[in-house]
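Take a look at the structure below.
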Amino acid sequence: MIETLETERLVLRPFTPDDLDDLTRLHAEPSFWWFPLRRAMRPDETAGFMDRLIADYASPDRPGFHAVVERDGGSLAGWAGLSVPTFLPEVLPAVEVGWRLGERFRGRGYATEAAAASLGWGFGPLGLDSVLSIFEPENVPSGRVMDRLGFDAGFETTHPDRSHLLRVRTLAAADWATDPARGG
């Protein structure tokens, strides 16, 4: 179900087992998983994460996360894409857009660029009516990405397992399509 997406500076492609070492290095950065884990991810956790990602690619009814790769140099910058937020049953059925980037790839607009490509895929070929984005309000940079992409103000709830405050924001396909600045 997952296809390769290209932007001006990035290639968003399916993960392969060959990405494990680079992903393990990114996941070892404490800030990569600070929201929600408050720590880095262990290598065995990253291997399990990648196994789940690749297994999800075979499911015809589930979108997935892409490896975010810089066009110049080919470095794995992180991941972005669409997923079903099963961790938050109160919003289901739904699809969420999400992203995570390594420290050296932040502050360049990559998160907005990758998320916009994912939204274009969701609202275009996948035919979604709306997409959520869920974040901890303390994660101000993620909130700014959502602002740039046109997500609504949303509502607050609590993570059912971690008790962290969450903000759930929505972007409708109709709103995406009517804003030429976002490619609609």
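The values are calculated or read from the model by the stated rules, or taken from the named source; none is laboratory data. Everything numeric here is computed off the predicted structure, so don't read it as measured data. Here the Cβ is made from the backbone with ideal geometry for all residues, glycine too, and neighbour counts use every protein chain on show. Note: accessible area is taken over every heavy atom of the protein model, side chains too, but ligands, DNA and RNA are not part of it. Shrake-Rupley method; radii C 1.70, N 1.55, O 1.52, S 1.80 Å.
Does Phe35 fit the bill of being outside any helix (DSSP H, G or I), surrounded by fewer than 21 Cβ atoms within 10 Å (Cβ to Cβ) and out of contact with any His (no Cβ under 6 Å at 6 or more places or on another chain)?
no
Report, by residue number, each residue of the stretch 92-147 that is part of a helix (DSSP H, G or I) and either aromatic (Phe, Trp, Tyr) or in contact with a Gly (Cβ under 7 Å, 6 or more places away or on another chain) (or both).
Once the filter is applied, which keeps residues that are part of a helix (DSSP H, G or I) and either aromatic (Phe, Trp, Tyr) or in contact with a Gly (Cβ under 7 Å, 6 or more places away or on another chain) (or both), the stretch 92-147 yields Phe105, Tyr110, Ala116, Ser118, Gly120, Trp121, Phe123.
For the stretch 107-126, indicate whether the set of residues that are over 13 Å from the mean Cα position of the chain (by Cα) and closer than 20 Å to Leu88 by Cα is non-empty.
no
Which residues, counting only those in the stretch 46-71, are modelled with pLDDT of 95 or more and assigned to a loop (DSSP other than H, G, I, E, B)?
Listed by number, the list holds a single entry, Arg71.
In this structure, is Arg162 outside any helix (DSSP H, G or I) and at pLDDT 95 or above?
Spelling it out, it is not the case that Arg162 is outside any helix (DSSP H, G or I) and at pLDDT 95 or above.
Could you grab me the full set of residues in the stretch 124-154 that are small (Gly, Ala, Ser) and touching a strand residue (DSSP E or B) at 6+ places or on another chain (Cβ under 8 Å)? So that I can check it myself, show each step before the final result.
The first filter runs over the stretch 124-154 and keeps only residues small (Gly, Ala, Ser), leaving 124, 127, 130, 133, 142-143, 150, 153-154.
Scanning the stretch 124-154 gives Ser130, Ser133, Ser142, Gly143, Gly150, Ala153, Gly154.
Looking at Leu132, Leu119, Leu126, Leu149 in this structure, which one is farther than 19 Å from Arg100 by Cα and of a type outside the set (Asp, Glu)?
Leu126
Take the residues of the stretch 160-179 that are in contact (Cβ under 8 Å) with a residue 12 or more places away in the chain and farther than 24 Å from Ser118 by Cα: which is least open to solvent (accessible area, probe 1.4 Å)?
His164
Given the conditions (1) open to solvent by less than 40 Å² (accessible area, probe 1.4 Å); (2) touching a residue at least 40 places away in the same chain (Cβ under 8 Å); (3) out of contact with any helix residue (DSSP H, G or I) (no Cβ under 9 Å at 6 or more places or on another chain); (4) not acidic (Asp, Glu), and given that Leu126 satisfies all but one, which numbered condition is not satisfied?
Here Leu126 clears every test but (1).
Of these, Glu29, Glu8, which one is open to solvent by 50 Å² or more (accessible area, probe 1.4 Å), closer than 20 Å to Gly109 by Cα, assigned to a loop (DSSP other than H, G, I, E, B) and in contact (Cβ under 8 Å) with a residue 24 or more places away in the chain? Working first, answer last.
On the way: Glu29 fails: open to solvent by 50 Å² or more (accessible area, probe 1.4 Å).
Only one candidate qualifies: Glu8.
Assess whether Leu165 counts as being more than 18 Å from the chain's Cα centre (by Cα) and under 23 Å from Arg106 (Cβ atoms).
Criteria met by Leu165.
Would you check which residues across the stretch 134-146 are touching a helix residue (DSSP H, G or I) at 6+ places or on another chain (Cβ under 9 Å) and either exposed (fewer than 14 other Cβ atoms within 10 Å of the Cβ) or not polar (S, T, N, Q) (or both) and list them? Spell out how you get there, then give the answer.
Narrowing the stretch 134-146 to residues touching a helix residue (DSSP H, G or I) at 6+ places or on another chain (Cβ under 9 Å): 134-139, 141-142, 144-146.
Selection gives Ile134, Phe135, Glu136, Pro137, Glu138, Pro141, Arg144, Val145, Met146.
Got a sec? Which of Val95, Val131 is in contact (Cβ under 8 Å) with a residue 24 or more places away in the chain, open to solvent by less than 70 Å² (accessible area, probe 1.4 Å), in contact with a Pro (Cβ under 9 Å, 6 or more places away or on another chain) and under 22 Å from Asp56 (Cα atoms)?
None of the other options fit; the residue is Val95.
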